[in-house]
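Inspection log for the structure reproduced underneath, given as structure tokens.
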Amino acid sequence: GNSVTQMEGPVTLSEEAFLTINCTYTATGYPSLFWYVQYPGEGLQLLLKATKADDKGSNKGFEATYRKETTSFHLEKGSVQVSDSAVYFCALSGGYSGAGSYQLTFGKGTKLSVIP
Amino acid sequence: GAGVSQSPSNKVTEKGKDVELRCDPISGHTALYWYRQRLGQGLEFLIYFQGNSAPDKSGLPSDRFSAERTGESVSTLTIQRTQQEDSAVYLCASSLSQGAYEQYFGPGTRLTVT
């Protein structure tokens, strides 16, 4: 079945530091890949997505590239801010045809804290 | 409504009692999902509804769990004879169609079984 593995946190960075959160996946076929973010006290929000190999998703200064050869979708940001403090979830959808292929399979989440 | 809503936001119940959780999807969204997030773990898929098709129940952990959805509107998740291991945040999400992969999540219901 499908699975997602992401680096475990918590991660603590100083403001303006470079961020990488690693994510690798196992899936049959061609899944779509996502990063979701959960800010303190808020619900899950889609941060970015990529639907095919070599696609780059980007939003709010965050980027992730769909690498089929390494089955990875690492999240990066060049300069984090205090407001980026949140829990980040890597997820995939699809990968094969059949019932239930559209549910999301999530990693366990990585808590990021950015300090001034 | 502006987004997916869920009620109640918090529920504390005694072991053995039944509970019912409600989800109101975004208007016009035909696909609806239920997930569970237990402490320290990722989200687990529970059940998926798409229009009037038979739901995908492959993620339900036991026969104590059931869910219903009438047409493309409200869904209810029912847990019978609750156990302590059912304590979790239950999240509902909806999407425009089964072909549109972006899912919009509600704020969740935090269930505590004592």
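The values are calculated or read from the model by the stated rules, or taken from the named source; none is laboratory data. Bear in mind that the values here come from a model prediction, so they are computed numbers and not experimental data. Positions of Cβ are backbone-derived with ideal geometry, glycine not excepted, and every protein chain shown enters the neighbour counts. Side chains included, ligands, DNA and RNA excluded: accessible areas come from the protein's heavy atoms. Shrake-Rupley method; radii C 1.70, N 1.55, O 1.52, S 1.80 Å.
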Original post:
What is the Rg over Rh value, at two decimals, for chain B, using alpha-carbon atoms and the Kirkwood definition of Rh?
Top reply: 0.95
**OP:** Hey, could you get me the Stokes-Einstein D for the stretch B:10-76, Kirkwood radius over alpha-carbon pairs, 37 °C and 0.692 mPa s, rounded to whole µm² s⁻¹?
**Re:** 249 µm²/s
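Would you mind giving the total buried accessible surface between chains B and A, with a 1.4 Å probe and ligands, DNA and RNA left out, rounded to the nearest 100 Å²? Each step should come with its number before you reach the end.
Working: alone 6150 and 6220 Å², together 10860 Å².
For B against A, buried area totals roughly 1500 Å².
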Subject >> Of A:Lys52/A:Lys111; A:Lys60/A:Lys111; A:Lys111/B:Lys57; A:Lys77/A:Lys111; A:Lys56/A:Lys77, those spanning more than 20 Å from alpha-carbon to alpha-carbon >> reply: A:Lys52/A:Lys111; A:Lys111/B:Lys57
Subject >> the stretch A:23-85 and the stretch B:19-76: distance between their alpha carbon centers, rounded to Å >> reply: 24 Å
**OP:** Roll a 1.4 angstrom probe over the protein heavy atoms and tell me the percent of accessible area of the protein assembly as shown that is carbon or sulfur.
**Re:** 46 percent
Original post:
Mean shadow of chain A, computed from the convex hull of its alpha carbons, in nm²?
Top reply: 6.8 nm²
Subject >> For A:Tyr36, net neighbour charge (Lys/Arg +1, Asp/Glu -1) across residues whose Cβ lies under 11 Å away >> reply: 0
Subject >> Rough spin-label spacing in nm, given labels placed 7 Å along Cα→Cβ, for A:Thr20 and B:Glu14 >> reply: 5.5 nm
Original post:
Averaged per residue, what accessible surface does the stretch B:14-114 expose to a 1.4 Å probe, in Å²?
Top reply: 46 Å²
Original post:
What Rg and what Dmax come out for the protein assembly as shown when only alpha-carbon atoms are used, in angstroms?
Top reply: 17.6, 51
